[in-house]
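One structure is given here, and the rest of the page talks about it.
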Amino acid sequence: MRCPTCGGFDDKVVDSRQSEDGTSIRRRRACLTCNQRFTTFERLEEVPLMVVKRSGTREPFDHAKVVAGLEAATKARPVDAAQLEDLASAVEESLRLLGGDVPSNEVGRAVLERLRDLDVVAAVRFASVYKEFDDLADFERELTELTHSALTKATAPKQH
Ligand SMILES: [Zn+2]
């Protein structure tokens, strides 16, 4: 990085720290010629992963939507939020490796594969509805109803 003071090209990193949300790294550098300090930022170049729905609509991969679907599927299960975040990120990474646009059912399948390793019950919940829907918002709605009725049944007083 060229020194803003003397134009020298040699510097060393004296401090490096990640932003709170982990999306950028700030580096404090010192010019080896004039010893001037300056700061650079490094961040990911965002190339959105595109998902193609059955209807042909393309939309960017929505991490939050995947997490919301997972939350619905893992309701009352021993799975924590960080695990769901990791799962959604792992799914996104694996889909990126395929290259190009990804059909929405591939997203569901990739989620299911990983969810199975995490919690079988949640995976069954997820699997029972994901084939029917094209959109994770629909999964989420359906799963919420599903888990709600399951919980109601489990806690309902016995009928005589
Ligand atoms: Zn300099």
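The values are calculated or read from the model by the stated rules, or taken from the named source; none is laboratory data. The model shown is predicted, which means the values in this text are computed figures rather than measured ones. Glycine also receives a Cβ, built like all others from the backbone with ideal geometry; neighbour counts cover every protein chain displayed.
Structure summary
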| read-out | value |
| --- | --- |
| Top-ranked residue of region 1-23 - restricted to ones that are surrounded by 11 or more Cβ atoms within 10 Å (Cβ to Cβ) and β-branched (Val, Ile, Thr), ranked as farthest from the chain's Cα centre (by Cα) | THR5 |
| Options GLY108, GLY69, GLY99; residue that is touching a Leu at 6+ places or on another chain (Cβ under 7 Å), closer than 30 Å to PHE126 by Cβ and away from the ligand (no atom under 16 Å from the Cβ) | GLY69 |
| Qualifying positions in region 54-82 - among the small types (Gly, Ala, Ser), exposed (fewer than 12 other Cβ atoms within 10 Å of the Cβ) and under 14 Å from the mean Cα position of the chain (by Cα) | ALA64, ALA81, ALA82 |
| Residue among ARG114, ARG26 that alone is surrounded by 12 or more Cβ atoms within 10 Å (Cβ to Cβ), modelled with pLDDT of 90 or more and touching a Leu at 6+ places or on another chain (Cβ under 9 Å) | ARG114 |
| SER55, sole failed condition from (1) over 27 Å from VAL107 (Cα atoms); (2) away from the ligand (no atom under 16 Å from the Cβ); (3) of a type in the set (S, T, N, Q) | (1) |
| Neighbours by Cβ (under 6 Å, 6+ apart or cross-chain): first from region 15-44, closer than 24 Å to THR5 by Cβ; second among the β-branched types (Val, Ile, Thr) and within 16 Å of the ligand (Cβ to nearest atom) | ARG27/VAL13; ARG27/THR40; ARG28/VAL14; ARG28/THR39; ARG29/VAL13; ALA30/VAL14; CYS34/THR5; GLN36/THR5 |
